[in-house]
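Engineer: Structure in structure tokens, see below.
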Amino acid sequence: MNYVQFHIGDWESGTRLLTPLEKGIYIDLLMLYYSTERPILRSYFDRITRGYTEDERKAFDYVVSQYFEEQDDGFHNARCDEEIAKAAEKSEKARKSIQARWNKAAKGPTSSVSDTSRKPGESTDAIRTNNERNTDVLLTNNQEPITKKETERKKKEKRQAITHAFNLDLLPSEWADYAKQVRPDLDPQTVFADFVFYFTQGRGAGELRSDKGWNQSWQGWVRRQKETRNAKPAGSTAHQQPEVFDEAYYEGSMNPDGTANWG
């Protein structure tokens with residue numbers, strides 16, 4: 001085996017009482033077990049430990065007694081046997097699938113191998129060998145297919161990455177120009193102050209929008225204003241009480257998708 005899953009949680013819980021030396025010996029034995037895909041022979045143990053110090057040999061004997069069981073064909077580790085069996089089963093299923101596909105192609109009027117994928121002078125048997133070899137490699141990737149849920153999650157994260165809470169302290173010049181053009185009766189700075197308060201401290205605090213979305217919100221906000229901020233009616237000298245644009249006034253003015261509802 002060239003690949004095996006390493007479950008960190010299982011390793012931590014299973015080796016918590018081992019010393020660093022014992023852990024090192026244990027992982028070496030596991031790698032030998034997986035690479036040969038068979039129980040470890042007694043003769044291997046003798047070759048491994050012949051250069052060990054007395055402390056290392058004691059650690060080795062302890063690891064073997066705790067995690068391996070001697071049987072007729074060598075020392076077994078239950079977890080290694082389980083993982084090796086799983087890998088063998090997966091490889092066998094892949095082999096049978098390939099065999100069935102090629103058998104079906106051999107019976108049909110045409111080959112399942114596209115002529116466009118075949119190199120000049122290359123036989124279908126050569127392509128078949130390559131496919132089988134590639135399948136064996138793929139078995140070691142252990143990669144789960146990308147699900148629809150995972151795709152939707154990534155799309156949501158991408159949308160959130162381009163949106164942000166309102167973060168302007170100063171009125172942009174293009175926003176001021178728009179307000180002067182559409183509502184020349186208003187004081188842009190005063191309207192902007194109301195806008196900032198609503199989306200930083202009022203009911204709109206925490207809403208996320210793109211730069212374009214915030215620009216659209218500002219335009220709708222300006223169009224919605226009812227109070228004349230700069231001018232008084234012609235010929236009037238009476239002081240007009242300004243209308244209060246508080247949170248209640250703007251409640252319900254935003255759609256769920258973040259766009260403005262100024263109707």
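The values are calculated or read from the model by the stated rules, or taken from the named source; none is laboratory data. Not measured: the values here are computed from a predicted model. In this analysis, Cβ positions are derived from the backbone assuming ideal geometry, glycine residues included, and neighbour counts consider all displayed protein chains. With ligands, DNA and RNA removed, areas are computed over all heavy atoms of the protein, side chains included. Shrake-Rupley method; radii C 1.70, N 1.55, O 1.52, S 1.80 Å.
Engineer: With a 1.4 Å probe and every protein chain kept in, tell me what percent of the accessible surface of the stretch 69-111 is carbon plus sulfur.
Structural biologist: Working: 1590 of 3100 Å².
Roughly 51 percent of what the probe reaches on the stretch 69-111 is carbon or sulfur.
Engineer: Given H placed 1.01 Å from N in the peptide plane, which residues other than close sequence neighbours of Tyr52 have an amide H under 5 Å from its amide H?
Structural biologist: For Tyr52, no residues qualify.
Engineer: For the pair Gln181/Lys107, report the inter-label distance in nm, with labels modelled 7 Å from Cα in the Cβ direction.
Structural biologist: 7.2
Engineer: Which whole-Hz ³J(HN,Hα) couplings does the stretch 5-21 yield from phi under the Karplus relation 6.51 cos²θ - 1.76 cosθ + 1.60, θ = phi - 60°, glycine and proline marked x?
Structural biologist: Each residue's phi maps through the Karplus curve to give 5, 10, 7, 4, x, 5, 5, 5, 6, x, 10, 4, 8, 7, 7, x, 5 Hz.
Engineer: Work out from phi, with θ = phi - 60° and the Karplus expression 6.51 cos²θ - 1.76 cosθ + 1.60, the ³J(HN,Hα) of each residue of the stretch 208-214, listed in order in whole Hz, and give x for Gly and Pro.
Structural biologist: 10, 8, 6, 4, 5, x, 5
Engineer: Now, a different point. Based on the mean of other beta carbon atoms within 10 Å per residue, what is the order of 169-179, 186-196, most packed first?
Structural biologist: On the way: 169-179: 13.9, 186-196: 18.3.
Per-residue Cβ counts within 10 Å, averaged per peptide and sorted highest first, yield 186-196, 169-179.
Engineer: Heavy atoms only, 1.4 Å probe, whole protein assembly: order Ile84, Ile27 by accessible area, highest first. Display every interim value, and only then the final one.
Structural biologist: Working: Ile84 25, Ile27 50 Å².
Solvent-accessible surface, decreasing: Ile27, Ile84.
Engineer: If each residue of separation counts as 0.36 nm, what is the full-extension length gain between Ile162 and Arg57 once their alpha-carbon separation is subtracted? All intermediate terms of the calculation are to be shown ahead of the outcome.
Structural biologist: Details: separation 105, 0.36 × 105 = 37.80 nm, distance 6.01 nm.
This chain segment gains 31.8 nm when fully extended.
Engineer: Could you give the length gained on full extension between Glu174 and Arg50, defined as 0.36 nm per residue of separation minus the Cα-Cα distance, in nm? Walk me through the numbers on the way to the answer.
Structural biologist: Working: separation 124, 0.36 × 124 = 44.64 nm, distance 8.19 nm.
Contour length minus Cα-Cα distance gives 36.4 nm.
Engineer: Accessible area per residue, 1.4 Å probe, Å², for the stretch 34-112: what's the number?
Structural biologist: Heavy-atom SASA per residue in the stretch 34-112 reads 70 Å².
Engineer: For the pair Ser43 and Trp11, how long in nm is the line joining their label points, each one 7 Å along Cα→Cβ?
Structural biologist: That separation, rounded to one decimal, is 3.1 nm.
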